[in-house]
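Have a look at the structure below, then the notes.
The values are calculated or read from the model by the stated rules, or taken from the named source; none is laboratory data. As the structure is a computational prediction, the values presented were derived from the model and not from experiment. Every residue, glycine among them, receives a Cβ derived from its backbone with ideal geometry; neighbour counts consider all protein chains shown. These accessible areas exclude ligands, DNA and RNA; they are computed on the full protein's heavy atoms, side chains included. Shrake-Rupley method; radii C 1.70, N 1.55, O 1.52, S 1.80 Å.
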Amino acid sequence: MLIRNMASPFTAIEAFIYDWFVAPATNTMSSDLVNLLATTIRQNAKFLDVGCGGGQLAMSLAKLRPDLTITGVDLSPQQIARARARNVAAGLTVDFVEGSALNLPFETNSFAVVFSSASIKHWPDPLAGLKECWRVLKPGGKLLVFEIDKDVTAAEAAPFVTLWRIPSFARPIARMFFLHYVVGGSISVADAKVLLDKLAAPGGTVERIPNRLVWLMQAEKPV
């Protein structure tokens, strides 16, 4: 979760650092989220993961729900290359596409679920990205956006950093980095509510998830 404006993708080294050291912690923390998605998405639905990174979450969902048509999109060519390699090795059929959240390379009304996790803070224009997510969402479809709350405390952040794939002696420095650059560069619940209001998604909500570092934005596109 290096803070990087999505107008320019991660460099090769940034993509590697996130994928190798941080992504395993994110995947562990997201396991209950994947299980929830797997039990709530309707049969044979089309699912889009915006800012999919190395593809781990999309692939975890594909293993639980092989009936879904899953697509992941990310601006980083290195992350898309890793996702595609993992996908082939696992024998899955997730489609990984290089592209920007601000100009999604998909037709309007294409997906039953548009999902994004820990990505919106990187978008140079979060509202424009949300409007793109809304555009490609089918009427009756659901938008789900997760992001780290900018108001996360040091005590809340500590357990997450212990899951990073780093030596224990490096964790204090990693925690400072996480709080300053990741949490500090993220979006608060209040700001997310402002974005949702500007999106004009009727009935949409933003809530901090109890015992988690993230908030959840969800909205259903009117039929």
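Considering region 107-140, and only residues there that are of a type in the set (A, V, I, L, M, F, W, C) and assigned to a loop (DSSP other than H, G, I, E, B), the residue that is nearest to the chain's Cα centre (by Cα) turns out to be Ala118. Here is the figure for region 64-101: residues that are part of a strand (DSSP E or B), closer than 17 Å to Lys46 by Cα and open to solvent by 60 Å² or more (accessible area, probe 1.4 Å) total 2. For region 160-169, which residues satisfy the criterion of being assigned to a helix (DSSP H, G or I) and either at pLDDT 85 or above or surrounded by fewer than 11 Cβ atoms within 10 Å (Cβ to Cβ) (or both)? Matches in region 160-169: Ser168, Phe169. Checking Leu57, Leu61, Leu104 one by one, the residue that is of a type outside the set (D, E, K, R) and either under 12 Å from the mean Cα position of the chain (by Cα) or open to solvent by 30 Å² or more (accessible area, probe 1.4 Å) (or both) is Leu57 and no other. Restricting the first member to region 85-103 and to residues that are free of Cβ contacts under 8 Å to residues at least 40 places away in the same chain, and the second to residues that are among the polar types (S, T, N, Q) and in a helix (DSSP H, G or I), the beta-carbon pairs closer than 8 Å and six or more apart or on different chains are Arg86/Gln56; Thr93/Asn87; Val94/Asn87. Within region 185-220, the set of residues being touching a residue at least 24 places away in the same chain (Cβ under 8 Å), of a type in the set (Gly, Ala, Ser) and not in a loop (DSSP other than H, G, I, E, B) comprises Ala192, Ala219. Being outside any helix (DSSP H, G or I) and open to solvent by less than 70 Å² (accessible area, probe 1.4 Å) holds for only one residue in Val223, Val152, Val182, and it is Val152.
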